[in-house]
């Protein structure tokens, strides 16, 4: 049995649903959607990104005995969330979120990317944690998060002719390209989604496959970000990454 929560101006409307959602909600989020796996200690230190497509369900799951005790959305006019067990019983491990049409309210406040705060505790109630999630509404795809104690290793670097680029290098290259007017709005949307997935722990290759962002564009942004990084850190011709820059022109150097 799921408990459905719709928020209206701070008041909770609790509806016990026995069969209404049984045909569409699946308790195993891995089979329903390929959730991003994030180690609990990482998810507690940073904001994770959730992608919600209209008319679809997105799942946040907690493993290893961690249960949900409280859920607080920043925008209480655009989502419904469900738990697989009433929060008062202390057994909720899955949070299912769906987007709804915004209803007008004179006191409503909105944000392009609202967030969601989830409070949890462990099996013996000796440890409490707080998680923050960014909710990307009107997304073209669904991607939830599974919080686990199991370490997750993903490819987080990108090979370029200048060396290994990290997500921050791609981010910097993206910002430079935007400032110089060298990137279209449609590409910008794909890059933002790509970067959000990578920050969430999705491998770069999987993030490219998910967003269908242009492979060559990532390469250009990564190289641009690396060049910017090296120009700021190094003077002259010395560079620990074996790259030599002359103004905007950089080239790899052989040992």
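The values are calculated or read from the model by the stated rules, or taken from the named source; none is laboratory data. A quick note: this is a predicted structure, and the numbers were derived from the prediction, not measured. Please note: Cβ atoms are built from the backbone with ideal geometry, for glycine as well, and neighbour counts cover all protein chains shown.
Figures for the structure shown
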item	result
Filter pass, residue 222 being in contact with a strand residue (DSSP E or B) (Cβ under 8 Å, 6 or more places away or on another chain), at pLDDT 85 or above, outside the structural domain of residue 44 (by TED's automatic domain parsing) and not in a strand (DSSP E or B)	yes
When residues of the stretch 127-147 are limited to those that are surrounded by fewer than 18 Cβ atoms within 10 Å (Cβ to Cβ) and at pLDDT below 90, the one nearest to residue 35 (Cα to Cα)	141
Test result for residue 189, closer than 23 Å to residue 144 by Cα, free of Cβ contacts under 8 Å to residues at least 12 places away in the same chain and out of contact with any strand residue (DSSP E or B) (no Cβ under 7 Å at 6 or more places or on another chain)	yes
Close pairs from the stretch 64-78: first not assigned by TED's automatic domain parsing to the domain that holds residue 95 and assigned to a loop (DSSP other than H, G, I, E, B), partner at pLDDT 90 or above and surrounded by fewer than 20 Cβ atoms within 10 Å (Cβ to Cβ), Cβ under 9 Å, at least 6 apart	none
Residue within the stretch 64-73 that is at pLDDT below 90, surrounded by 15 or more Cβ atoms within 10 Å (Cβ to Cβ) and touching a strand residue (DSSP E or B) at 6+ places or on another chain (Cβ under 7 Å) present	no
Odd one out for residue 188 among (1) assigned to a loop (DSSP other than H, G, I, E, B); (2) loosely packed, with under 14 Cβ neighbours inside 10 Å; (3) in contact with a helix residue (DSSP H, G or I) (Cβ under 8 Å, 6 or more places away or on another chain)	(1)
Candidates 216, 239 - the one that is at pLDDT 80 or above and either assigned to a loop (DSSP other than H, G, I, E, B) or loosely packed, with under 11 Cβ neighbours inside 10 Å (or both)	216
Any hit, the stretch 76-89, residues being within 22 Å of residue 149 (Cα to Cα), at pLDDT below 90 and surrounded by fewer than 19 Cβ atoms within 10 Å (Cβ to Cβ)	no
